[in-house]
Amino acid sequence: MNPRISLTVAGALLAMATLPTAQAEDGYDAPADWPAPMVEHNMAMALFERLEYAVPDKGEEALIWDFQAWYGGDVNRLYLKSEGESVQGDGEDAEFESLEFLYSHLVADFWELQGGIGYQGGVFSDDHAERTYAVIGLQGVMPYGIETDLALQVSDEGDVSASLEGEYDLRLTQRLYLQPRTEIAVAADEAEAFGVGEGLNSVRVGLRLRYEITRRVAPYLGTYWEKRYGETADLARADGDRSEDTGVVAGIRLMF
Amino acid sequence: MASSRVITQPLSRRQLLKGGAALGLGSAAALGLRPSWADPWGQTSTYAKGIEEGPEVSLAIRRESLPIAGQEAHPISINGGSPGPLIRLREGQDAVLRVTNLLDEPTSIHWHGLILPPGMDGVPGISFAGIAPGETFTYRFPVRQNGTYWYHSHSGLQEQLGHAGPLIIDAAEREPFRYDREHVLLLTDWTFEEPMAVFRNLKTAEGYYNFQERTVADFFADVRERGFAATAEQRGMWARMRMSSRDIADVTGSTYTYLINGHSPEENWTALFRAGERIRLRIINGSAMSYFDVRIPGLRMTVVAADGQPVQPVPVDEFRIAVAETYDVLVAPENDTAYTLFAESMDRSGYARATLAPREGMTAELPERRRIADRGMEAMGAHGMAGMDHSTMEGMDHSGIGGMDHSTMEGMDHSGMGGMDHSSMEGMDRSNMPGMDHSNRPGISGEQDRIAAGGMLAAGAAQPGSRYDQAGIGIDPDERRVLVYRDLKAFTPWPDRREPGRELELHLTGNMERYMWSFDGRKFSEVSGPIHFAKDERLRLILINDTMMEHPIHLHGMWMELENGQGELIPRKHTLNVKPGERVSALITADAVGSWAFHCHLLYHMDAGMFRVVEVS
């Protein structure tokens, strides 16, 4: 394992050990066996931001997920994040584009600094090339309420890449939201096995119309456009894929 | 109050109820009754079961199935009812209150607003160890005050489950007003969700309960009304701050059913009267999270007490009651007709309702409901003052932040500020701020102001940055006469006339995105020690609200004399509402040796960390 990854793993484990929120000694005069007047609670939540079926114009249909869950207090949290897809009819099992285990620390009112390890590859199968990577990221809300997730990855081969996701909820009614989102991937190094070229890799832009039946259950319909650039586009074409595609999605946002 | 015992209940029913009370647990439920002090005839001083008459009272705390708003619910009951019975004590008594915990978790009762020994205050971890399951704790304390108070659990989130009730103390001497009849009205907010689930929703999904946010349609409506540039500028400001101008209540009518004496609006609890009587309404806000605006269309109310303490009469059409406050009002219906008592939640997402009527079954019209208001400049100014990200506020005239200078507010969205009354902003009373013009700098420069004034303000003077002449968000004082803090005036000066020896400044702080609430930016879990008051010192507590929400701040064990500009006759309170951006001060005589809780009385704010211990030694 790459030493950088080991370091990150060690950091995440250390974070776990210190995660339970300690009750500070308030120092007032009270017998030791009395309970604390206020106890903080760690919380947990899980969110499928996207769980959708995509029907592209040209490419293969696919089931796509974008999931994150966290556990922790106000400042320190552990995250599990995953994005991936199961392309229909390609005879291959589903693939984790990312499966990340992160320690997160609140560094400003709206921003969390996150670091940990990630895995890319098959979901319980050898159908896809595999790699692990270290990841450091910043997740939060930009002014104007744009949800942002910026991450830098260094793979076990030393390949460096970065991604930026942004999304915004435009409130049409109290339950109907229009959500534009964008995803940009860049890489400093080529990683041919993963279809990653040097430079700008891809841009994806989507627009989803979501109806919140409850805050926790919200089905949506949407459309997207994606384009691969430069070497990444060449690799895609060599693999028989399109470098540019559009499509429609139907899915559900689920919060637990 | 002898004059209040005009009409008596039929004896048979009273005896029956008394018998039920003697059996103790579950009698009210067995008889299919609401909390029995919620008797329509208002004979709270002679009423049987509903009343637990002091000085010796036994209370049993249980969790049980009871109907609320016609649905099966699982509240915490006290002697079989939820909310609990009215406890009636008399000034001068030595109260003995035995509380038996039949829950499967520890519990407690705090006697809200009572001055008593620290060991009897009922806060687990500060006053005592709490009451373990199956145990009985006996509270014993001398009753040295009178008026309208209440009691509630101080353990975890139990208060949200109806673990609360009214506590009335009859005066030893004649009160400065007379009445023929009285009714007690306890306002609460009930949810069928578990309190911990509510808390988790607040913690994990911002805006979970807010279904009155601004939409695209609101934007275009504003554009039509006042043009694109002004609308875009104002909305841009809120968007840059990543905040909502409609963030008025964290938990709303989307989950709450607002109750009066345990009755939903549809159940319409009815208080009876006879035309020509003068009626005292003792109104208590026992909600976990909800402020109410209370009015009785067709009747003028005269406020005669606030937080249990008498005040010089103030005739009003409406008053805002913060969480944990109490107000006593007199009404004198002349006609043989019904009146609606309407308590609208501050964010307008719902209401509680009762009827005052000469006979059972009568109803009056429900008044038209108001729409939610947008927070305006004053809240935003507070945010700027909080030392947060000023760079995101470019384009705003900083001299106008928090200020009342209308000239700097040109181009702002005036109509978007809902019920804000600009004229009242000019009504700031500067007469009590000698030699200073604070009008443009509330909150920002208090320190300089004091230096400029050559020391502290005189006792009783209103702080620069206070808005005691405003009722707050969503109230239009042009529409009707609404009570404001400035109106509250004691009859005689309180005993300690000393000038404060020092000032203690506390900022009310929070992070809405994460639902973190704190004093001076530190949650209770992050502070290193208690707030120290020296024994018998006279000090000034200054509360500066850096957040966008109202906070009802409650000090246990000692009164807070609200410096609302009434000089020697400032009122004293146990709970102070501090509006967004406001700077409020109170004088305190630290005569209660021991450790006391000090916190925001919004239940989930307190539990999120807006809590401190005050140690007097």
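Give the residue, chosen from B:Leu457, B:Leu508, B:Leu543, that is away from every other protein chain (no Cβ under 14 Å) and over 21 Å from B:Asp250 (Cβ atoms).
B:Leu457
Taking segment B:133-153 only, how many residues are open to solvent by 10 Å² or more (accessible area, probe 1.4 Å) and on the phi > 0 side of the Ramachandran plot?
1
Go through B:Gly130, B:Gly156, B:Gly162 for me and flag whichever is open to solvent by 10 Å² or more (accessible area, probe 1.4 Å), farther than 19 Å from B:Gly81 by Cα, in contact with a strand residue (DSSP E or B) (Cβ under 7 Å, 6 or more places away or on another chain) and in the same structural domain as B:Leu86 (by TED's automatic domain parsing).
B:Gly130 is the lone residue from the list that is open to solvent by 10 Å² or more (accessible area, probe 1.4 Å), farther than 19 Å from B:Gly81 by Cα, in contact with a strand residue (DSSP E or B) (Cβ under 7 Å, 6 or more places away or on another chain) and in the same structural domain as B:Leu86 (by TED's automatic domain parsing).
What number of residues within segment A:80-101 satisfy the criterion of being crowded, with 20+ Cβ neighbours inside 10 Å and within 20 Å of B:Ala205 (Cα to Cα)?
Total satisfying the criteria: 1.
For residues in segment B:189-233 being touching a strand residue (DSSP E or B) at 6+ places or on another chain (Cβ under 7 Å) and not in a loop (DSSP other than H, G, I, E, B), which is farthest from B:Thr255 (Cα to Cα)?
That would be B:Val216.
Every residue, every condition in (1) open to solvent by less than 10 Å² (accessible area, probe 1.4 Å); (2) at pLDDT 95 or above; (3) assigned by TED's automatic domain parsing to the domain that holds B:Pro552; (4) of a type in the set (A, V, I, L, M), yes or no:
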site: B:Val251; (1), (2), (3), (4): yes, yes, no, yes
site: B:Ser254; (1), (2), (3), (4): no, yes, no, no
site: B:Thr270; (1), (2), (3), (4): no, no, no, no
site: B:Ser287; (1), (2), (3), (4): yes, yes, no, no
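Kindly evaluate A:Ala36 against the criterion of being within 14 Å of another protein chain (Cβ to nearest Cβ) and either among the hydrophobic types (A, V, I, L, M, F, W, C) or part of a loop (DSSP other than H, G, I, E, B) (or both).
Taking the combined requirement at face value, the residue satisfies it.
Within segment A:66-78, take every residue that is within 13 Å of chain B (Cβ to nearest Cβ) and aromatic (Phe, Trp, Tyr) and give me the one that is surrounded by the fewest Cβ atoms within 10 Å (Cβ to Cβ).
Only one residue fits best here, namely A:Tyr71.
State whether the residues of segment A:159-175 include one that is within 26 Å of A:Glu61 (Cβ to Cβ), open to solvent by 30 Å² or more (accessible area, probe 1.4 Å) and polar (S, T, N, Q).
Checking segment A:159-175: at least one residue is within 26 Å of A:Glu61 (Cβ to Cβ), open to solvent by 30 Å² or more (accessible area, probe 1.4 Å) and polar (S, T, N, Q).
Going through segment A:145-172 one residue at a time, which ones are farther than 22 Å from A:Arg253 by Cα and either within 14 Å of another protein chain (Cβ to nearest Cβ) or of a type outside the set (Gly, Ala, Ser) (or both)?
A:Leu152, A:Gln153, A:Val154, A:Asp156, A:Glu157, A:Asp159, A:Val160
On the given criteria, is A:Val141 within 14 Å of chain B (Cβ to nearest Cβ), farther than 18 Å from A:Tyr71 by Cβ and not small (Gly, Ala, Ser)?
Taking the combined requirement at face value, the residue satisfies it.
Pairs please, first residue from segment B:196-210 and touching a residue at least 24 places away in the same chain (Cβ under 8 Å) and facing chain A (nearest Cβ under 8 Å), second anywhere and part of a helix (DSSP H, G or I) and crowded, with 18+ Cβ neighbours inside 10 Å, Cβ atoms under 7 Å, 6+ apart in sequence or on different chains.
B:Phe199/B:Tyr604; B:Phe199/B:Asp607
Filter segment A:212-245 for residues that are in contact (Cβ under 8 Å) with a residue 40 or more places away in the chain, touching a strand residue (DSSP E or B) at 6+ places or on another chain (Cβ under 7 Å) and loosely packed, with under 14 Cβ neighbours inside 10 Å and give the result.
none
Out of B:His554, B:His532, B:His507, I need the residue that is touching a Leu at 6+ places or on another chain (Cβ under 9 Å), of a type outside the set (Asp, Glu), within 26 Å of B:Met606 (Cβ to Cβ) and open to solvent by 10 Å² or more (accessible area, probe 1.4 Å). Which one?
Answer to the check: B:His507.
Exactly one of (1) crowded, with 16+ Cβ neighbours inside 10 Å; (2) not assigned by TED's automatic domain parsing to the domain that holds B:Leu66 is unmet by B:Ala217. Its number?
Going through the list (1) crowded, with 16+ Cβ neighbours inside 10 Å; (2) not assigned by TED's automatic domain parsing to the domain that holds B:Leu66, B:Ala217 breaks only (1).
Tell me, which residue of segment B:321-350 that is in a strand (DSSP E or B) and within 22 Å of B:His152 (Cα to Cα) is nearest to the chain's Cα centre (by Cα)?
Out of the qualifying residues, it is B:Ile321.
Which condition from (1) away from chain A (no Cβ under 14 Å); (2) exposed (fewer than 15 other Cβ atoms within 10 Å of the Cβ); (3) outside any loop (DSSP other than H, G, I, E, B) is the one that B:Arg174 breaks?
(3)
Among A:Ile184, A:Ile117, which is the only one that is away from chain B (no Cβ under 14 Å), in a strand (DSSP E or B) and more than 26 Å from A:Thr223 (Cα to Cα)?
It is A:Ile117.
Could you go through segment A:45-65 and let me know if any residue there is part of a strand (DSSP E or B), facing chain B (nearest Cβ under 8 Å) and among the aliphatic types (A, V, I, L, M).
Checked segment A:45-65: at least one residue is part of a strand (DSSP E or B), facing chain B (nearest Cβ under 8 Å) and among the aliphatic types (A, V, I, L, M).
If you take the residues in segment B:211-242 that are within 13 Å of another protein chain (Cβ to nearest Cβ) and touching a Phe, Trp or Tyr at 6+ places or on another chain (Cβ under 9 Å), which one is nearest to A:Asp74 (Cα to Cα)?
B:Arg242
Only one residue in B:Asp478, B:Asp487, B:Asp496 is surrounded by fewer than 19 Cβ atoms within 10 Å (Cβ to Cβ), touching a residue at least 12 places away in the same chain (Cβ under 8 Å), charged (D, E, K, R) and out of contact with any Ser or Thr (no Cβ under 6 Å at 6 or more places or on another chain), so which one is that?
Within the list B:Asp478, B:Asp487, B:Asp496, the selection yields B:Asp478.
Across segment B:563-594, which residue is farthest from the other protein chains (Cβ to nearest Cβ) among those that are open to solvent by 10 Å² or more (accessible area, probe 1.4 Å) and closer than 21 Å to B:Tyr149 by Cβ?
My answer is B:Arg572.
So the check is Cβ under 6 Å with 6+ separation or different chains; which pairs have a first residue in segment B:509-535 that's in the same structural domain as B:Met610 (by TED's automatic domain parsing) and a second one that's among the basic types (Lys, Arg)?
From residues that are in the same structural domain as B:Met610 (by TED's automatic domain parsing), the pairs are B:Tyr515/B:Lys203; B:Phe519/B:Arg612; B:Ile531/B:Arg612.
Would segment B:232-247 turn up any residue that is among the aliphatic types (A, V, I, L, M) and free of Cβ contacts under 8 Å to residues at least 12 places away in the same chain?
So far as segment B:232-247 goes, yes, one or more of its residues are among the aliphatic types (A, V, I, L, M) and free of Cβ contacts under 8 Å to residues at least 12 places away in the same chain.
Yes/no per residue for (1) of a type in the set (Phe, Trp, Tyr); (2) modelled with pLDDT of 95 or more; (3) under 23 Å from A:Gly145 (Cβ atoms):
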| residue | (1), (2), (3) |
| --- | --- |
| A:Arg181 | no, yes, yes |
| A:Ile184 | no, yes, yes |
| A:Ala187 | no, yes, no |
| A:Glu190 | no, no, no |
| A:Gly197 | no, no, no |
| A:Leu209 | no, yes, yes |
| A:Val217 | no, yes, yes |
| A:Leu221 | no, yes, yes |
| A:Tyr224 | yes, yes, yes |
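The values are calculated or read from the model by the stated rules, or taken from the named source; none is laboratory data. Nothing here was measured: the structure is a model prediction, and the numbers come from that model. Every residue, glycine as well, gets a Cβ built from its backbone with ideal geometry; the counts of neighbours run over all protein chains shown. We work out accessible area using only protein heavy atoms, side chains counted, and drop any ligands, DNA or RNA first. Shrake-Rupley method; radii C 1.70, N 1.55, O 1.52, S 1.80 Å.
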